[in-house]
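Heads up, the thing below is written out as structure tokens.
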């Protein structure tokens, strides 16, 4: 097996590790099937403990040269995994859409996909049917802003989910060239920022036109600190909001945790004790749900569920299928998010 990473030193190390692992282990490996999925009905700490100590995660760690049994407690193991998982950092500070070159053979790819499947990253989890006080559509890349909005609208149209308010939640950042092209080709409208893409996706999905109001603040010296809320309303009177949350860091956009934290600080769109449905793409679900529990659920006592969807299922023109390195990147994100959630739970 061969892998080309951004860090040339890591590439040299992994070539040896992956080759040696392939020699020592036969495939397929029988992995466990009993990892409880992270939902409102499961104690988060119970889920984290089972996930961190699962055969599936141990398989991935061993495959890439790590010590799957490191640490006595779950906290100790997460601390180790948080550092070790830098081997799966294919972003190096860039957006998730950036191209990554890998050259893993078919057996290695099969092992990775099998493990991440059991870890829940390929689950297309429909939300429990019923009423949610708020539905929060997480933004991100332009494709996600559009596809997640359309998926949410379909859930509401089918009556599977009802809500009093829809919130599209993203960050203040400029779109890349490929994102701008996608929005232009698909929505026949121009978008410059993530907020533009999110707003246009909501408008297409929910049939709303121009915002009825908007508020915000622009920071010329620190664009990432800017924020804006655009308010829409459907013909049936459903409030729909496109939100661009500010970042507390001057050198990067707001991440999921920052965005959720800002909703709490803003105090106008959420109320204590409400039920919330998070809508995101399937392989981001675990880490973003953990961040939402930490930054929204704990401070406001919210009941939070999350739906994992596929852009390809929404419309083939929005097709996106994660590659092996995408899944490994999100395993790393989950480890970090679970570590922080476990600390917050006390």
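Quick notes on this structure:
- Enumeration of residues in the range 192-210 that are farther than 19 Å from residue 262 by Cβ and either outside any helix (DSSP H, G or I) or out of contact with any helix residue (DSSP H, G or I) (no Cβ under 8 Å at 6 or more places or on another chain) (or both): 192, 203, 207, 208, 209, 210
- Condition check for residue 100: under 23 Å from residue 337 (Cβ atoms), touching a helix residue (DSSP H, G or I) at 6+ places or on another chain (Cβ under 8 Å) and modelled with pLDDT of 95 or more: no
- Helices (runs of 4 or more DSSP H) lying entirely in the range 250-346 (those with 1 or more residues that are closer than 23 Å to residue 84 by Cβ): 256-266, 285-292, 324-345
- Checking the range 328-344 against the condition returns a match, with at least one residue being touching a helix residue (DSSP H, G or I) at 6+ places or on another chain (Cβ under 6 Å) and either farther than 24 Å from residue 118 by Cβ or at pLDDT below 95 (or both).
- Residues that are under 13 Å from residue 167 (Cβ atoms) and touching a strand residue (DSSP E or B) at 6+ places or on another chain (Cβ under 6 Å) within the range 281-300 comprise just one, 292.
- Matching residues in the range 99-134 - criterion: being farther than 14 Å from residue 152 by Cα, assigned to a loop (DSSP other than H, G, I, E, B) and either without any contact (Cβ under 8 Å) to a residue 24 or more places away in the chain or under 19 Å from the mean Cα position of the chain (by Cα) (or both): 99, 100, 119, 120, 121, 122, 123
- Residues satisfying the stated conditions in the range 217-241, i.e. out of contact with any helix residue (DSSP H, G or I) (no Cβ under 9 Å at 6 or more places or on another chain) and under 15 Å from residue 170 (Cα atoms): 223, 224, 225, 226, 231
The values are calculated or read from the model by the stated rules, or taken from the named source; none is laboratory data. Values in this document were obtained by computation on a predicted structure and should not be read as measured data. With ideal geometry, Cβ positions are generated from the backbone for all residues, glycine too; neighbour counts draw on all protein chains shown.
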